[in-house]
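Here the structure comes first, spelled out in structure tokens, and everything after it is commentary.
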Amino acid sequence: MSNKKKIEERREKVKTLVLEGLYTKEIARTLQVPVRTVERDRQKLREEIIGELAKKPLDKVLFEFLMRYDGIYRDARKTYRDTSNDNVKIGALNLMQKHEEAKIRILQSLGVLEEAPKRVELSGELTVVKAQEILKKEREEQDKK
């Protein structure tokens, strides 16, 4: 296998691991390569993405971004609805909240949103702590029946 092919394959692995949420050092450890190699791969991937995005109209890029982001949110919401495990429910709620906060930060950095709330709450006063309380009460009511 050529050196160019090996680099391309490693960069695909780096891309996958970044999307899974791993940090640079974790990726380097996983792939057994120096941290500097992963940093270069990430920089090259960023340049490629920026190059691809520059070819598209901004409204199309923004639409695609929002569609992907909304898909993540829908998956977390489905997980919340479909499980009876409180820890999984809380994890899904936490992901939904962090997802919305990240989405707002990204939209702000693109200049689409000028002002945003300091903290996103899923439904009024709903936070992870409050969700734990609600889930506990639901379980207690179910146990009484």
Query raised in the report: Only one of (1) free of Cβ contacts under 8 Å to residues at least 24 places away in the same chain; (2) outside the structural domain of LYS4 (by TED's automatic domain parsing); (3) assigned to a helix (DSSP H, G or I) fails for GLN97. Which number is that?
Result: (1)
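Yes or no, residue by residue, for (1) in a helix (DSSP H, G or I); (2) at pLDDT below 75:
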| residue | (1), (2) |
| --- | --- |
| LYS6 | yes, no |
| GLU9 | yes, no |
| VAL14 | yes, no |
| LEU22 | no, no |
| ALA28 | yes, no |
| GLU52 | yes, no |
| ASP59 | yes, yes |
| GLU64 | yes, yes |
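Condition check ((1) under 29 Å from MET96 (Cα atoms); (2) among the small types (Gly, Ala, Ser); (3) surrounded by 14 or more Cβ atoms within 10 Å (Cβ to Cβ)) across all residues:
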position	(1), (2), (3)
MET1	no, no, no
LYS4	no, no, no
GLU12	yes, no, no
VAL18	yes, no, yes
ILE50	yes, no, no
LYS60	yes, no, no
PHE65	yes, no, yes
Report task. Return a yes/no flag: does the range 2-18 have any residue that is more than 13 Å from the chain's Cα centre (by Cα) and among the hydrophobic types (A, V, I, L, M, F, W, C). Result -> yes
Query raised in the report: What do you reckon, is ARG11 touching a residue at least 24 places away in the same chain (Cβ under 8 Å) and touching a Lys or Arg at 6+ places or on another chain (Cβ under 8 Å)?
Result: yes
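The values are calculated or read from the model by the stated rules, or taken from the named source; none is laboratory data. Keep in mind that this is a model prediction, so the values were computed, not measured. Here Cβ is always computed from backbone atoms with ideal geometry, including for glycine, and neighbour counts include all displayed protein chains.
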